[in-house]
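Visitor: I have a structure here, written as C-alpha cells, and I will follow up with some questions on it.
The values are calculated or read from the model by the stated rules, or taken from the named source; none is laboratory data. In this text the structure is predicted, and so the values were computed from the model without any measurement. Neighbour counts run over all protein chains shown; Cβ positions are idealised from the backbone, glycine included. Please note that ligands, DNA and RNA were not included when accessible areas were found on the heavy atoms of the full protein model with its side chains. Shrake-Rupley method; radii C 1.70, N 1.55, O 1.52, S 1.80 Å.
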Amino acid sequence: AVAAALAAAAVRGGTAPYSSGFGGGGFFVAYLADEGKVVTNDHRERAPAAFEPESFLDPATGEPLEFDEAVTSGLGVGVPGTVRGWATMLRRFGTMSLREVLHPAIRVARRGFVVDETFAEQTEGNLERFRDFPATAGYFLTRDGQVPPVGSRIRNPDLARTYLAIARRGPAAFYGGAIAQDIAETVTDPPVREAADRVVRPGLMTVEDLASYRAPMRRPTWVNYRGNSVFGMGPPSSGGSTIGEALNILEGFPLGEMSRERAFHLMFEASALAFADRGEYLGDADFVDVPLAGLLSNGFAAERRELIGDTALPKPVEEGDPYPFEGRTRPAMASAVSGEGPSTTHLTVSDAEGNLVSYTFTIEQTGGSAIAVPGRGFLLNNELTDFNFEPGTANSPAGGKRPRSSMSPTIVLRGGKPLLGVGSPGGSTIITTVLQILVDRLDLYSTLPGAVLAPRASQRNTAAVVAEDDFVNSPLYPPLAARGHEFSVIDEIGAATGIEFLPDGTTQAVAEFYRRGGGSADVVLEVVPE
C-alpha cells in the first residue's frame with residue numbers, strides 16, 4: 001500500500017501538476033497491519049534558514065505584503081519535502097525501490113496525458129501568471145501562450161528526466177547537485193519574462209537548505225470516538241487536532257438519536273469552537289508550544305461543549321484555554337489567520353495484507369507559485385504563504401519552520417483493525433470535509449459513498465457557514481437558518497476519497513462523483529505484468 005500510494009502520487013505529479021509534484025510536500029498516514037499501529041510522516045515544506053518573522057512585511061511600509069504578491073514569488077516557496085518523504089517511507093515500510101515506484105510516472109511524463117476540462121479550467125485561471133514565466137508557459141501553454149484545448153496531449157520530457165535522475169540516484173539527486181542548484185537559483189532569481197509588469201519578489205532558499213531537509217516520523221493524533229480510534233496528523237498540521245477536538249466535543253451528544261438538522265447544528269458549533277482554538281495555538285511544534293494534550297483532552301472538550309446551546313453562537317467565538325488540562329499556565333501569544341489554497345491531492349490506498357494509507361500532498365494554490373524550474377519540468381510551491389504574515393503568533397514565520405497546514409489524512413480503527421481511511425483537498429475546508437464525512441458515517445448511519453456524496457457545509461469560526469448550493473437548497477437549510485446560522489454559497493467543498501473495510505472482508509473504494517470533475521476509485525483484483 002505504501003509503494004502503491006507513492007507510485008500513484010508520482011503519476012499525479014505529471015497529470016495533476018497544479019496541485020502536486022516534486023515541488024511541494026505532504027503528510028502520510030499509514031496503518032501497518034503486521035505491527036498493528038498507525039505511523040505518520042511529515043514532509044511538509046520548510047522555510048529557508050534565512051527566513052525571519054518579518055520576511056512577509058513590506059520593507060518600505062512595514063505592512064504585510066499583499067497575499068497574491070506573496071503567492072507568485074520566490075519568497076513564498078518553501079523547501080520541498082516530497083522526495084525526502086517518499087524515500088523515508090519506502091526505506092522504512094515499502095516493498096519496492098524508488099526506481100520501481102517512479103517507473104509508471106516516467107512513462108506517463110514521456111507519453112503525456114490528455115487534457116480534460118478540469119485541467120483546462122485550472123490553466124485558464126492561471127493564464128496570466130503562467131505567461132509571465134517562460135518555463136511555466138513552455139510546459140503548460142500552447143506555443144502561442146494559450147490554454148491547451150481539451151483533448152490535446154501534454155508531454156513533459158523534462159519531468160521524465162527529473163524522475164529518472166531521482167530513480168537512479170535517490171533523494172541525493174534532488175537535494176544536491178544540479179537539480180538543487182537549479183531550484184535554489186529559480187527561487188532566488190525567478191525567471192520572469194522581460195515584458196512582465198508583475199512584481200516577483202526573490203526568495204531566500206539556498207542549496208544548503210535543500211541539503212539539510214529531513215522528513216521526520218511524527219506521533220499521530222488520537223481520539224476515541226464512539227469506541228472507534230481516530231488517528232490523524234499532528235503539528236505542523238492542524239487537521240488531526242482540530243478534527244479530534246470537534247469529535248471530542250460531539251462525543252457528549254447522542255447524534256445518532258437526533259434529527260440530521262440538530263446533528264449538523266451541533267457539528268457546526270463544535271467545528272467553530274475547535275477552529276477558534278486552532279487559530280490560537282496551532283503551529284510547528286518544533287518551534288512553538290502547542291498544547292496538544294490539552295486540546296485533545298476530554299476535560300477541555302467538556303468545557304467547550306458547555307458553550308453550545310440550541311441556537312448558533314455569535315461568530316467568531318473566542319478560543320478556550322487548554323493549558324490547565326495539561327497542568328500548565330497559558331503563555332502570552334497573539335492569534336492570527338493565515339490563507340490556505342484549496343488545490344491539494346488526496347489518495348487512500350489499501351492492500352491485500354490489510355495495510356491502509358491516507359496521504360495528502362500539495363503545492364498549495366492551484367498552480368503553486370506559478371514558477372516552474374527551467375529544465376526540470378515541475379512547479380514550485382507557495383506553501384510559506386500558509387504562515388501568518390505578522391510576527392508574534394504561533395504560526396508566524398521563522399527560519400527552518402514549517403507553516404501550519406489543514407491537511408487531514410485520517411485513519412479510523414475499530415477493535416484495533418482498520419475501518420476506514422479518508423481525506424480531501426480544499427485548504428482549511430479539508431478539516432470540515434473530513435469531519436462531516438466521519439459524522440455522517442459514524443453517527444448518522446450513512447454509507448461511505450453516501451457520506452462522500454452528501455452536500456457539504458463548512459463552519460470555520462466565521463460569521464457565515466460556507467455551503468454548497470445543494471446544501472442550501474436541501475431541507476436542512478430552513479431549520480438551521482432558524483437556529484441563527486448564516487450561510488454563503490460556494491460551488492464545491494473538498495474532493496474526498498476513502499476506503500472502508502467491510503465486515504465480509506472486502507474493501508469499498510470511494511471517490512467523488514462530480515466535485516473537481518470527479519475522482520477515481522477502483523478495487524484491483526489482479527496485477528498483470530507489462
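Visitor: Filter region 186-209 down to the residues that are farther than 30 Å from Leu127 by Cβ and not β-branched (Val, Ile, Thr), then identify the one that is most open to solvent (accessible area, probe 1.4 Å). Before you say what the answer is, go through the steps one by one.
Guide: Within region 186-209, the first condition is being farther than 30 Å from Leu127 by Cβ, and the residues that meet it are 206-209.
From the residues that got through so far, the ones that are not β-branched (Val, Ile, Thr) too are 208-209.
Numbers: Glu208: 119, Asp209: 13 Å².
For region 186-209, the residue satisfying everything is Glu208.
Visitor: Select from region 487-520 the residues that are without any contact (Cβ under 8 Å) to a residue 40 or more places away in the chain and over 20 Å from Thr118 (Cβ atoms) and write down the one among them that is farthest from the chain's Cα centre (by Cα). Show your work before the answer.
Guide: Taking region 487-520 as the starting set, the residues that turn out to be without any contact (Cβ under 8 Å) to a residue 40 or more places away in the chain are 487-492, 502-506, 514-515, 518-520.
In the following step, the residues that additionally are over 20 Å from Thr118 (Cβ atoms) were identified as 487-489, 502-506.
Numbers: Phe487: 25, Ser488: 23, Val489: 22, Leu502: 27, Pro503: 30, Asp504: 32, Gly505: 30, Thr506: 28 Å.
Per the stated criteria, the residue is Asp504.
Visitor: For region 98-127, which positions are open to solvent by less than 50 Å² (accessible area, probe 1.4 Å) and under 18 Å from Ala10 (Cβ atoms)?
Guide: Result: Leu98, Val101, Leu102, Pro104, Ala105, Ile106, Val108, Ala109, Gly112, Phe113, Phe119.
Visitor: Residues being among the hydrophobic types (A, V, I, L, M, F, W, C), surrounded by 24 or more Cβ atoms within 10 Å (Cβ to Cβ) and modelled with pLDDT of 95 or more: count how many of those fall in region 1-37.
Guide: Here the count works out to 10.
Okay, residues lined up against (1) under 16 Å from the mean Cα position of the chain (by Cα); (2) buried (at least 24 other Cβ atoms within 10 Å of the Cβ):
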residue: Thr360; (1), (2): yes, yes
residue: Thr366; (1), (2): yes, no
residue: Phe378; (1), (2): no, yes
residue: Glu383; (1), (2): yes, yes
residue: Ser405; (1), (2): yes, yes
residue: Pro409; (1), (2): yes, yes
residue: Gly415; (1), (2): no, no
residue: Pro418; (1), (2): no, no
residue: Val422; (1), (2): yes, yes
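Visitor: Among the residues of region 268-284, are any open to solvent by 30 Å² or more (accessible area, probe 1.4 Å), modelled with pLDDT of 95 or more, among the aliphatic types (A, V, I, L, M) and not in a loop (DSSP other than H, G, I, E, B)?
Guide: no
Visitor: Continuing with this model, one more query. I'm checking my understanding of the structure. Among residues of region 477-511 that are in a loop (DSSP other than H, G, I, E, B) and surrounded by 20 or more Cβ atoms within 10 Å (Cβ to Cβ), which one is modelled with the highest pLDDT?
Guide: First pass over region 477-511, keeping only residues in a loop (DSSP other than H, G, I, E, B): 483-485, 491-496, 502-506.
In the following step, the residues that additionally are surrounded by 20 or more Cβ atoms within 10 Å (Cβ to Cβ) were identified as 485, 493-496.
Numbers: His485: 98, Ile493: 95, Gly494: 93, Ala495: 93, Ala496: 95.
That would be His485.
Visitor: Can you tell me which residue within region 415-464, out of those that are hydroxyl-bearing (Ser, Thr, Tyr), out of contact with any helix residue (DSSP H, G or I) (no Cβ under 6 Å at 6 or more places or on another chain) and outside any helix (DSSP H, G or I), is nearest to Thr345 (Cα to Cα)?
Guide: Per the stated criteria, the residue is Ser428.
Visitor: Show the residue pairs that are 6+ apart or on different chains and have beta-carbon atoms under 8 Å apart, the first residue being within region 117-139 and on the phi < 0 side of the Ramachandran plot, the second being open to solvent by 30 Å² or more (accessible area, probe 1.4 Å) and of a type in the set (Ser, Thr, Tyr).
Guide: Partner pairs satisfying both residue conditions: Gln122/Thr366; Gly125/Thr366; Asn126/Thr366.
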